[in-house]
Amino acid sequence: MPGMSQDDLKALVGRAALEHVPRGDVIGVGTGSTVDRFIDALGAEPGRVAGAVSSSERTSARLRAVGIRVFEAGEVGRVPVYIDGADEIDPRGFMIKGGGGALTREKIVADLAERFVCIADASKRVPVLGGYPLPVEVIPMALPQVTRRLEALGARVVPRAGFVTDNGQLIVDAHGLVIDDPLALECRINQWPGVVTCGIFARHRAQLCLLGTEQGVQVLQFPAAPSGA
Ligand code: 5RP
């Protein structure tokens, strides 16, 4: 399928993700342009799922628009699968997420899920995380402290101008980090006072990635969780 655009690849994996959705269950649904294509595919099969726990207001609106019932996280004990995109994914299934600013709710829904299925176009696959700026959701009062700490790690910190998350907080993007130990860095940043969460998904990494390539959908299966994950 040479000549496919990035949008074509997103649509390809959005459709392919349906194979990983159990019939009649409530599932978790992420946020972003790739997930939008998944929602389109889901909407084309009425009754395929009983509903969804959504990771953003944007996704909730899109789900409802195609007739899918949206559940609160608290109404559902577990979901069998969480389908979401990524900004980067490494060879272990660790990801950077939050390009769309929905990282905290994405992590909350991922935490409910037995399995994280990442859907991404081939450009998202990287050997080491950090080429994409790391989003960090921050309570406004802590912005200067969190900025200083990220700078001490070597990052260039750029506040996301004019952006407020669904949780009413701010996002900064940390440029130039080389994240060779995602688990350690996720835990470290998340412990700083005022950080809501950072966009490293190591503790909630993907078990499977459907990668859209010009040769078709490549299925990446990741090994069992490393200790501590
Ligand atoms: C939103 C996310 C998205 O999954 C990520 O930004 C990828 O988006 P897209 O599918 O539009 O490339 O983490 O917060």
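Please specify each residue of the stretch 150-173 satisfying the condition of being within 18 Å of Arg188 (Cα to Cα) and either surrounded by 13 or more Cβ atoms within 10 Å (Cβ to Cβ) or among the hydroxyl-bearing types (Ser, Thr, Tyr) (or both).
The answer is Leu150, Leu153, Ala155, Val157, Ile171, Val172, Asp173.
The residues in the stretch 75-91 that are farther than 14 Å from Leu210 by Cα, modelled with pLDDT of 95 or more and not acidic (Asp, Glu) can be counted, and the count is 4.
Of the residues that make up the stretch 151-162, is at least one of a type in the set (A, V, I, L, M, F, W, C), assigned to a loop (DSSP other than H, G, I, E, B) and either in contact with a His (Cβ under 7 Å, 6 or more places away or on another chain) or in the same structural domain as Gly100 (by TED's automatic domain parsing) (or both)? Within the stretch 151-162 (the criterion being of a type in the set (A, V, I, L, M, F, W, C), assigned to a loop (DSSP other than H, G, I, E, B) and either in contact with a His (Cβ under 7 Å, 6 or more places away or on another chain) or in the same structural domain as Gly100 (by TED's automatic domain parsing) (or both)), the answer is yes, since at least one residue qualifies.
For the criterion of being away from the ligand (no atom under 16 Å from the Cβ), touching a Lys or Arg at 6+ places or on another chain (Cβ under 8 Å) and not β-branched (Val, Ile, Thr), Pro80 passes. On inspection, Gly176 passes the criterion of being at positive phi and not acidic (Asp, Glu). Applying a threshold of 6 Å to beta carbon distances and a minimum spacing of six or more residues, or different chains, the list of pairs starting in the stretch 29-45 at a residue that is in contact (Cβ under 8 Å) with a residue 60 or more places away in the chain and ending at one that is more than 14 Å from the ligand (Cβ to nearest atom) reads Val29/Ala52. Quick check on Leu183: is it away from the ligand (no atom under 16 Å from the Cβ) and part of a loop (DSSP other than H, G, I, E, B)? Answer is no for this residue. Among the residues making up the stretch 43-68, those that are buried (at least 17 other Cβ atoms within 10 Å of the Cβ), touching a helix residue (DSSP H, G or I) at 6+ places or on another chain (Cβ under 7 Å) and not β-branched (Val, Ile, Thr) are Arg48, Ala52, Ser54, Ser55, Ser56, Arg62, Leu63.
Pairing residues of the stretch 1-24 that are in contact (Cβ under 8 Å) with a residue 40 or more places away in the chain with residues that are in a loop (DSSP other than H, G, I, E, B) and surrounded by fewer than 18 Cβ atoms within 10 Å (Cβ to Cβ), at Cβ distances under 7 Å and at least 6 apart in sequence or on separate chains, gives Met1/Glu214; Pro2/Glu214; Met4/Glu214; Val21/Arg48; Pro22/Pro80. Applying a threshold of 7 Å to beta carbon distances and a minimum spacing of six or more residues, or different chains, the list of pairs starting in the stretch 167-195 at a residue that is without any contact (Cβ under 8 Å) to a residue 60 or more places away in the chain and more than 19 Å from Phe94 (Cβ to Cβ) and ending at one that is of a type in the set (Gly, Ala, Ser) and surrounded by 14 or more Cβ atoms within 10 Å (Cβ to Cβ) reads Pro193/Ala142; Gly194/Ala142.
The residues on offer are Glu106, Glu72, Glu88, and the sole one that is over 9 Å from the mean Cα position of the chain (by Cα), within 23 Å of Ala16 (Cα to Cα) and not assigned by TED's automatic domain parsing to the domain that holds Pro182 is Glu88.
Here Ala122 fulfils each of the conditions (1) open to solvent by 10 Å² or more (accessible area, probe 1.4 Å); (2) within 11 Å of the ligand (Cβ to nearest atom) apart from (2).
The values are calculated or read from the model by the stated rules, or taken from the named source; none is laboratory data. Note that this is a predicted model, so its numbers are computed, not measured. Cβ sites come from the backbone with ideal geometry, for glycine too, and all protein chains shown count toward neighbours. Only protein heavy atoms, including side chains, enter the accessible area calculation; ligands, DNA and RNA are left aside. Shrake-Rupley method; radii C 1.70, N 1.55, O 1.52, S 1.80 Å.
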